[in-house]
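Each remark here refers to the structure printed beneath this line.
The values are calculated or read from the model by the stated rules, or taken from the named source; none is laboratory data. Here the structure is a predicted model, which is why all the values come from computation and not from measurement. Cβ sites come from the backbone with ideal geometry, for glycine too, and all protein chains shown count toward neighbours.
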């Protein structure tokens with residue numbers, strides 16, 4: 001990655017958690033303000049007409065940037081200092097060349113797919129996907145003539161390749177969500193990269209897009225394993241405080257450039273206030289996620305010993321004899337803080353458990369400082385068919401918990417008393 005800012009001291013490279021405190025911003029630009037101001041403006045003033053012309057030439061793709069030239073500020077739908085700073089900082093965690101931020105995770109996914117898919121194209125995707133993504137892929141995109149083919153975590157490369165023979169049209173993108181929401185099923189990123197590479201040419205690459213929302217860049221870095229683009233619902237761990245909605249897409253400038261252009265014309269950019277909030281959140285990303293993961297390990301151990309709990313989906317429980325052990329050891333840096341499990345009594349039992357929680361909030365979303373619990377079958381994944389839910393393991397009794405930063409003893413106390421009522 002080409003360095004845009006100083007990221008070392010005495011030739012020693014600094015870590016991302018240190019660079020989050022000031023990378024991409026200099027206090028002297030803003031009257032010595034330690035933190036970047038919120039640039040709450042819709043448009044920016046050009047010094048000369050010639051400068052405005054040059055900025056637009058680059059922004060609209062009429063010509064590339066000249067050596068040493070950087071596209072200036074034009075209009076906040078195209079660029080804004082708060083967006084540029086947070087995008088620079090986001091690249092550091094994943095080791096990406098470029099990043100774009102969006103109004104939401106779904107805006108990031110939709111803009112990316114619409115950039116690279118056209119009528120007649122085929123999208124290969126993992127299952128299950130988050131409910132909103134599933135609806136976009138399997139209900140909305142077909143209206144535009146874009147076909148989709150799904151596969152499960154247990155499918156081999158040969159299985160997936162064979163399934164593509166049953167659909168007309170060229171493979172143009174692979175979209176995977178790993179770990180999967182809500183089952184924590186792992187998809188082999190390197191295997192999918194091989195499938196994408198086999199379908200690619202130098203002039204027409206087939207990008208592998210990985211939704212890394214569940215583990216975030218602290219516990220998984222898909223670009224290191226062959227992914228071309230990484231997508232986040234930045235609402236979740238990157239934002240981490242349940243007070244913003246945002247998305248992000250990271251990768252090479254070659255692939256991000258067209259996505260950024262599509263974002264300009266779709267208007268799916270994030271605003272400066274949200275960009276500023278993301279800057280605030282990135283400063284504590286590692287601290288929050290490490291504490292959440294520690295808490296999740298404690299909660300999972302408690303659940304494993306409870307008589308009213310079965311089929312716990314937690315990455316920390318993957319053992320050497322499990323089918324997904326090799327994938328976990330190869331591509332995951334930790335188990336994260338997402339747990340799903342079946343409560344005795346099906347949907348009524350799950351509802352009694354959720355209704356009895358006192359400290360843990362009954363709400364969708366994940367990755368926030370507070371712990372959240374929800375019922376995937378009737379909430380985040382309610383739009384899936386009953387057959388699809390069965391095949392993905394989204395049962396009537398399945399509950400998903402996003403573990404927060406509270407004291408683990410208090411979380412266990414709350415879960416214990418809620419299970420007593422089941």
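Of note:
- Taking strands (runs of 3 or more DSSP E) as the structural unit, those lying wholly within region 97-203 and holding at least 3 residues that are more than 27 Å from residue 393 (Cβ to Cβ) correspond to 98-102.
- Number of the exception - residue 347 against (1) in contact with a helix residue (DSSP H, G or I) (Cβ under 8 Å, 6 or more places away or on another chain); (2) surrounded by fewer than 17 Cβ atoms within 10 Å (Cβ to Cβ); (3) within 30 Å of residue 227 (Cα to Cα): (3)
- Boolean, residue 385 is over 23 Å from residue 242 (Cβ atoms), out of contact with any strand residue (DSSP E or B) (no Cβ under 9 Å at 6 or more places or on another chain) and touching a residue at least 24 places away in the same chain (Cβ under 8 Å): no
- Taken together, the residues in region 306-329 that are loosely packed, with under 12 Cβ neighbours inside 10 Å and under 18 Å from residue 345 (Cα atoms) amount to 1.
- Conditions (1) assigned to a helix (DSSP H, G or I); (2) within 26 Å of residue 280 (Cβ to Cβ): number failed by residue 387: (2)
- Some residue of region 293-300 being within 18 Å of the chain's Cα centre (by Cα), touching a residue at least 40 places away in the same chain (Cβ under 8 Å) and either on the phi < 0 side of the Ramachandran plot or outside any loop (DSSP other than H, G, I, E, B) (or both): yes
- Once region 1-26 is narrowed to residues that are modelled with pLDDT under 90 and not in a loop (DSSP other than H, G, I, E, B), the residue that is surrounded by the fewest Cβ atoms within 10 Å (Cβ to Cβ) is 12.
- Residue within region 55-65 that is within 20 Å of residue 272 (Cα to Cα), part of a strand (DSSP E or B) and over 26 Å from the mean Cα position of the chain (by Cα) present: no
- Hey, residue 277 surrounded by fewer than 17 Cβ atoms within 10 Å (Cβ to Cβ) and assigned to a helix (DSSP H, G or I) or not: no
- Which numbered condition residue 107 fails, given (1) modelled with pLDDT under 95; (2) within 17 Å of the chain's Cα centre (by Cα): (1)
- Taking the criterion of being crowded, with 24+ Cβ neighbours inside 10 Å and either without any contact (Cβ under 8 Å) to a residue 24 or more places away in the chain or at positive phi (or both), the only residue of region 206-239 that qualifies is 216.
- Within the span defined as region 73-84, every residue fails to be outside the structural domain of residue 229 (by TED's automatic domain parsing), surrounded by fewer than 19 Cβ atoms within 10 Å (Cβ to Cβ) and more than 30 Å from the chain's Cα centre (by Cα).
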